[in-house]
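Written out below as structure tokens is the structure these notes cover.
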Number of protein chains: 2
Amino acid sequence: MKSLLMKSLIIVLLSVNTAFAASAVDPLPSWNDTAQKQAIITFVEKVTKEGTPNFVPPAERIVTFDNDGTLWPENPTYFPQAFTIDRIKALAPQHPEWKEQPLFKAVLEDNLETFFSAKSEERFALEGIVRAGYTTEEFAQFVKDWSVTAKHPKTGRLYKEMVYQPMIELLTYLRANGFKTFIVSGGWSDFIRPWAEEVYGIPPEQVVGSGFKTQFELRNGKPVLVFLPEINFIAEGPDKVIGINQYIGRRPIASCGNSDGDKEMLQLANSVSGAHLALLVHHTDAEREWAYDRTSRMGRLDKALDEAREKGWTVVDMKNDWKIIYAFEKKLK
Amino acid sequence: MKSLLMKSLIIVLLSVNTAFAASAVDPLPSWNDTAQKQAIITFVEKVTKEGTPNFVPPAERIVTFDNDGTLWPENPTYFPQAFTIDRIKALAPQHPEWKEQPLFKAVLEDNLETFFSAKSEERFALEGIVRAGYTTEEFAQFVKDWSVTAKHPKTGRLYKEMVYQPMIELLTYLRANGFKTFIVSGGWSDFIRPWAEEVYGIPPEQVVGSGFKTQFELRNGKPVLVFLPEINFIAEGPDKVIGINQYIGRRPIASCGNSDGDKEMLQLANSVSGAHLALLVHHTDAEREWAYDRTSRMGRLDKALDEAREKGWTVVDMKNDWKIIYAFEKKLK
């Protein structure tokens, strides 16, 4: 009983500590004091204030985040593609015949232009090839290994350091206010899950993403799932809303995205009758990150930007709203 | 600041209260003191004891429960089917042509024998008919309305009172010990989710189940999902393991089921190298519930029972292990 009382005392001390911290410290220190930051804080204060019409019980404080371009960059190529390109290179010695095939050749020679001009079905076929025959656990290990070794071509930093610090603060702030944070990504969930908990604090069961089919097998008496080279689901555009219903089964009261592929998910959050947040990250910072929108190959933001302006969604201007992009910038100062 | 300190004090008081309660009170009062109850408690104590080889961090304490036959009965018909039969009856006045079709006729005349002798595709077609064209939110309301009015033919009780009290205690006990409880059911998630939180304390996002396809639409400018009469996924047998990977993305350390359709899910829990729990509910109580196993039309338990005995899974003997079946029995005493 003594140890239980001790635990309780620790809980109260932690609570007091957190309570003091919450009142004293800016929850979004990497955000400049602009209308966007204020819109986030106003939303959180509204839905957490008991006894008011906008109050939302914690169980219903669901927020969904796109990943590529919203939580981490998507240039010069989507991170999941960078991983696949590296896997193809790693497997190439066992496949001399690949050198004769234009798309493989492009990958092996870092010819991204040819890679991106291929049809999406052809690029998806490569994703199938790096998965097929492996168990889900073997594949997760490849991703983990990559996440601690592969470096981003622009910064020379590990990919896992390349997450947007202001968005990490937003995730943390929302969770501290009782929100359940989900990723709903067009990227592959089998690529995101092995490191989402470490980099975002989001557990695997809160990652909805695109995925390949698997097959159940007993290997040496142990049940495993083996990847098939067939796509099961692509969580993009209206299919993000379908994925939200299928996996989460609740309507989010906040959604954050950065491209036309997030438009319907933001429409969903925007359709909530009480307080809600539909937030778009607009890539406006050519110097610290990238500047692109209506004509970009990656994360095109065109129709969703029009709708955001028409409907009054919160559009984050990366250049003006964010003090830093990555946490490592703090250490450099 | 004062109110924050007050909150902290409330937290410590609640914690002390819970701590006393946990040590004083049997967490599974509706379970007789048999080997099965002891197996559950031993498992929970092992995985929660820090600094020992069997310790599992809270984030990895995932447990999956089958629903029909494991958390609530499946006789004389599966609850999801009982709902569909009632929906067909409600819709029948608008469809005079149904009277001429043998399967509809069987449903309208409560001829369950004919209903069950139909091919599963034909029965699934009825499930499509009661969904197609409705939005997911409209359908959820039909389920909610049914859950507060429809009564079980054997007991005359609302279906939502017909949940197994010993299993509710098990769910509560596991959650109190840091487990995250999931349903992984062959039943339709759109039928389970609207009341799973109330009857089991399991939120929608922790319900994995079978489901129909949906289509995104804007209705009066509001995004909705409309059901299509096409099955998307059936979570039964090996596909339960596929569903666990797809939705949860972690290997459960405990799984509870009652039929051959749960065999692979229990194999998965049983393949964990540390402490784990693979639990089968064996329906042995013809008087208080139903007694059935190897030749039953509902929840056939044959191969999984052999494997349970061979591998030493925990087989709950409903008649001997459970003091009561439903909570309302307590009130009757």
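The values are calculated or read from the model by the stated rules, or taken from the named source; none is laboratory data. On a predicted model such as this, the values are computed, not experimentally measured, just so you know. Backbone-built Cβ (ideal geometry, glycine too); neighbour counts: all protein chains shown.
Structure notes:
- The range A:23-62 - residue that is assigned to a helix (DSSP H, G or I) and in contact with a helix residue (DSSP H, G or I) (Cβ under 8 Å, 6 or more places away or on another chain) and, of those, modelled with the lowest pLDDT: A:Ser23
- Search result, residues across the range B:229-253 that are touching a Gly at 6+ places or on another chain (Cβ under 8 Å), over 23 Å from B:Leu301 (Cβ atoms) and not in a helix (DSSP H, G or I): B:Pro229, B:Glu230, B:Ile231, B:Asn232, B:Phe233
- Residue identified as away from chain B (no Cβ under 12 Å) and either of a type in the set (Lys, Arg) or closer than 17 Å to A:Phe83 by Cα (or both) among A:Tyr159, A:Tyr173: A:Tyr159
- Sole residue being modelled with pLDDT of 95 or more and closer than 25 Å to A:Ile41 by Cα, chosen from A:Gly299, A:Gly243, A:Gly257: A:Gly257
- The condition (being at pLDDT 95 or above and closer than 16 Å to A:Leu158 by Cα) is satisfied by just one residue among A:Phe83, A:Phe65: A:Phe83.
- Some residue of the range B:108-122 being modelled with pLDDT of 95 or more and among the small types (Gly, Ala, Ser): no
- Matching residues in the range B:63-98 - criterion: being assigned to a helix (DSSP H, G or I) and more than 23 Å from B:Gln141 (Cα to Cα): B:Pro96, B:Glu97, B:Trp98
- Qualifying residues in the range B:205-223 (those that are under 27 Å from the mean Cα position of the chain (by Cα) and either farther than 25 Å from A:Ala59 by Cα or in contact (Cβ under 8 Å) with a residue 40 or more places away in the chain (or both)) - the one nearest to the other protein chains (Cβ to nearest Cβ): B:Thr214
- Whichever residue in the range A:57-68 is within 14 Å of another protein chain (Cβ to nearest Cβ) and of a type outside the set (Gly, Ala, Ser) and, among such residues, is farthest from A:Tyr164 (Cα to Cα): A:Pro57
- Considering the conditions (1) within 13 Å of another protein chain (Cβ to nearest Cβ); (2) out of contact with any strand residue (DSSP E or B) (no Cβ under 6 Å at 6 or more places or on another chain); (3) surrounded by fewer than 23 Cβ atoms within 10 Å (Cβ to Cβ), A:Glu287 is excluded by exactly one of them, (1).
- Meets criteria (within 14 Å of chain B (Cβ to nearest Cβ), surrounded by fewer than 23 Cβ atoms within 10 Å (Cβ to Cβ) and in contact (Cβ under 8 Å) with a residue 12 or more places away in the chain) for A:Thr48: yes
- Failed item, numbered, when B:Phe115 is tested on (1) in a loop (DSSP other than H, G, I, E, B); (2) surrounded by 13 or more Cβ atoms within 10 Å (Cβ to Cβ): (1)
- Tally, over the range B:258-272, of residues that are in contact with a strand residue (DSSP E or B) (Cβ under 6 Å, 6 or more places away or on another chain) and away from chain A (no Cβ under 14 Å): 1
- Selection over the range B:224-233 of residues that are facing chain A (nearest Cβ under 9 Å) and not polar (S, T, N, Q) gives a count of 3.
- If you check A:Tyr200, A:Tyr164 for being away from every other protein chain (no Cβ under 14 Å) and either more than 26 Å from A:Arg288 (Cβ to Cβ) or buried (at least 17 other Cβ atoms within 10 Å of the Cβ) (or both), only one passes: A:Tyr164.
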